[in-house]
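Here the structure comes first, spelled out in C-alpha cells, and everything after it is commentary.
The values are calculated or read from the model by the stated rules, or taken from the named source; none is laboratory data. Computed from a predicted model, the values in this text were never measured in an experiment. Methodologically, a virtual Cβ is constructed for each residue, glycine included, from the backbone with ideal geometry; neighbour enumeration extends over all protein chains shown. Calculation scope for accessible area: heavy atoms of the full protein, side chains included, ligands and nucleic acids excluded. Shrake-Rupley method; radii C 1.70, N 1.55, O 1.52, S 1.80 Å.
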Amino acid sequence: MTTAAPDPIGPDDPRYRAVVEKRFNKRFTAAPDYVHVAASTEDVVSAVAAAVREGRRLVVTSGGHCLEGFVSDPEVKVIVDVSPMKGIAFDAERAAVAVQAGATVGETFRALHAHWGVVVPLGEYPGIGMGGHVAGGAFGFLCRQLGLAADYLYGVEVVTVDGDGRPRVVVATREPSDPNRELWWALTGAGGGNFGIVTRYWFRSPGASGADPAALLPRAPESITTFRAEWSWNDLDRASFLRLVRNYGLWCERTSDADGSYASLWTLLALHRKQLGKIVIRGVSTAGDAAERQVDDFLAALGEGTLAAVNREQARMSWLDFALNPFPDLFTFPPGGVSMKGKDALLKKRFTDRQIDVAYDHLTSADHDVMGGMLGLASYGGAINRVAPDATASAQRDAILDIAVNTGWLDPRDEAKNLAWVRGFYRDLFADTGGVPVPGDAYAGAFINHPDPDLADPTLNTSGVPWHTFYFRDGYPRLQRVKARWDPRDVFRHALSIRSE
C-alpha cells in the first residue's frame, strides 16, 4: 500500500531554495514547481507516484554535484531530494554493507572506517552524494590499487516505474540467479537518472563471504602519504613544457599495471593557465614506509631532461583524516560557488607531442582572458583494468589516464569566453578524430560521471560517432534493453540518458 507523499515544498518555502540551490555548478538554475524531501524509500515511492500521476517531469538529487544541468533542466517540474537518507549499516541477510543514497562519500568513508576498518574506493570529494556517484562507476584516490567503487557493488535498491505508471521498489544483485541482475549491471556504470531512483546500495568484495563485515571489503590503508610540488610558468618554455608533459605520460604508460609497485600511487598533474603562474603536481601514496622513495622516483621521472619541481610539500597521516579533507587547496570553493564547464576523456596512450603543443598554445595564449582554465591529467588504470569490459557497465577498462579540460568563472558575463576557450581547447586536442576522443587505439572514450552534452552536438562532435559510444562502448544495446524493461515510459531521463530500443 502506497503511503502519502511527503508534503510538496513550493518556491515560497525556504526549504525549496535549500534544494534547488544545492548544486555544484552554478551555471545552471533549477526552477521546479515543487520539491519533495524524502526520508525513506517509501517517501520516494510516494513522491514518484504523485509526479507521474500529475504528469510532471521529475529528477532526483543527492549531493547536488551533477556537473551539467540534468537536475536544473527547465522541463523538470519536480525534484526528489534523497539527501536525508543517510543510513549505513551491515545487512546480515545479504552479508553486505548497506548505504542509503543520501549519504555522502565522506560520511560513507567515516562509517566504513569507524565500524569495520574497511574502505570502498569512492570518489575524491567527500561532499559528493552516493546516489548518482556509484551508479556512474565512481573512481577516486584509491582506484589504481582497488578499482572502481562499482566493482564492489553487490546490490542496489531502486524505485522504478512500470508501463502502467506504477512505482515499485526493486532490489537487484549481482547473483547470477537474480532475475533482476541486468538492472544491477546497468547501475554499475551507466549513471544516475536512467532507470529509476536509487535509494540504497549494498557493498561486498567479489568472492567475499561470511558474516564478518570487516572481512567483506578491502582494509582501509594504514596511512596515506600526500605530496605537492610545482613549477613556475616563468621558468618554462615550449620545449621544457613539452618534455614535462611527455614525461608524465610516459610514466603513466609504464606504471599502469595493476600488479606493479606503483599501483599504490595516484597522481594529478594540473596544468593551469599561465595567468595563474604555476603548474602543480599532487599525489597520494598508500605505500607506507616506502612512500617517500616512491614519490622521489616519480618526481625524478617527471624532471628528467627538463626542470625539476620545486616547493615540495609532503605529509603522512591517517587514511580517514585525509579522506575527509583531501587537498584543501584543490577542493576549496569561493562563497556562493562557481560556474564551470568540464570536458573529460580517457586515454589509452599518452598525449602526442602535437597534443602537448596544442596544450601549450591554449594555456599560454593571451587571446583569451580565462583565469580559471586548466588541463588536468590524472593517473588511471591499475586495478580498474583487471575487470572485463562487459562485467560492469563501466566499459573503459583499458585506460591509463583520465584527462579533463576545465574552466570556471564567477561573473555570468564571462560565460561565453570561457565556453569558447574550453571547447576550442578540447576540439584541438582531438582534432585528428573529429574533435572528440573516439574509442580506438589511443582513446577509451569518456566517463559518464563527468558528463558532457557537447558529445551529442554534431557541431562539436564531428566524428560521426554517437555520444553513447564514448560513455558505454559496445554495452549500449544492452543498456537499451534494461531501459525498455525497467523504465518503459521514459520517466527518468536527461540530456545523456539511455534511450530505449
Point to revise | Test result for residue 209, loosely packed, with under 14 Cβ neighbours inside 10 Å and over 30 Å from residue 364 (Cα atoms) | key: yes
Practice item. Determine which member of the set 287, 215 is open to solvent by 30 Å² or more (accessible area, probe 1.4 Å), free of Cβ contacts under 8 Å to residues at least 12 places away in the same chain, closer than 30 Å to residue 108 by Cα and not polar (S, T, N, Q). Key: 215
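Residues are listed down the side, and each one gets a yes or a no for (1) under 21 Å from residue 330 (Cβ atoms); (2) basic (Lys, Arg); (3) more than 18 Å from the chain's Cα centre (by Cα):
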{"site": "428", "(1), (2), (3)": "no, no, yes"}
{"site": "433", "(1), (2), (3)": "no, no, yes"}
{"site": "447", "(1), (2), (3)": "yes, no, no"}
{"site": "453", "(1), (2), (3)": "no, no, no"}
Check your understanding: For segment 295-316, which residues satisfy the criterion of being on the phi < 0 side of the Ramachandran plot, not hydrophobic (A, V, I, L, M, F, W, C) and not in a helix (DSSP H, G or I)?
Key -> 304, 306, 312, 313, 314, 316
Exercise for review: Output the helices (runs of 4 or more DSSP H) that fall wholly within segment 396-501 and possess 2 or more residues being open to solvent by 20 Å² or more (accessible area, probe 1.4 Å), in contact with a helix residue (DSSP H, G or I) (Cβ under 7 Å, 6 or more places away or on another chain) and more than 22 Å from residue 134 (Cα to Cα), or say none.
Suggested key: 415-429
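So that you can scan it fast, the table gives a plain yes or no per residue for (1) at pLDDT below 95; (2) more than 26 Å from residue 329 (Cβ to Cβ); (3) outside any helix (DSSP H, G or I):
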position	(1), (2), (3)
226	no, no, yes
229	no, no, yes
244	no, no, no
253	no, yes, no
257	yes, yes, yes
267	no, no, yes
Point to revise | strands (runs of 3 or more DSSP E) enclosed by segment 42-133 - at least 2 residues per element that are over 24 Å from residue 490 (Cβ atoms) and modelled with pLDDT of 95 or more | key: 88-91, 96-100
Point to revise | Selection from segment 31-48 of residues that are open to solvent by 10 Å² or more (accessible area, probe 1.4 Å), aliphatic (A, V, I, L, M) and within 12 Å of residue 197 (Cα to Cα) | key: 45
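Yes/no matrix, rows are residues, columns are (1) of a type in the set (Asp, Glu); (2) free of Cβ contacts under 8 Å to residues at least 60 places away in the same chain; (3) more than 14 Å from residue 356 (Cβ to Cβ); (4) out of contact with any helix residue (DSSP H, G or I) (no Cβ under 9 Å at 6 or more places or on another chain):
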{"residue": "235", "(1), (2), (3), (4)": "yes, no, yes, yes"}
{"residue": "240", "(1), (2), (3), (4)": "no, no, no, yes"}
{"residue": "246", "(1), (2), (3), (4)": "no, no, no, no"}
{"residue": "250", "(1), (2), (3), (4)": "no, no, no, no"}
{"residue": "254", "(1), (2), (3), (4)": "no, yes, yes, no"}
{"residue": "261", "(1), (2), (3), (4)": "no, yes, yes, no"}
{"residue": "268", "(1), (2), (3), (4)": "no, no, yes, yes"}
{"residue": "272", "(1), (2), (3), (4)": "no, no, yes, no"}
{"residue": "278", "(1), (2), (3), (4)": "no, yes, yes, no"}
Exercise for review: Say whether the condition of being outside any strand (DSSP E or B) and either under 30 Å from residue 364 (Cβ atoms) or of a type in the set (Asp, Glu) (or both) is met by at least one residue in segment 212-224.
Suggested key: yes
Practice item. May I ask you to list the residues in segment 321-362 that are of a type in the set (Asp, Glu) and loosely packed, with under 15 Cβ neighbours inside 10 Å? Key: 321, 329, 353, 361
Review point. Just to be sure, is residue 382 at positive phi and modelled with pLDDT of 95 or more?
Key: yes
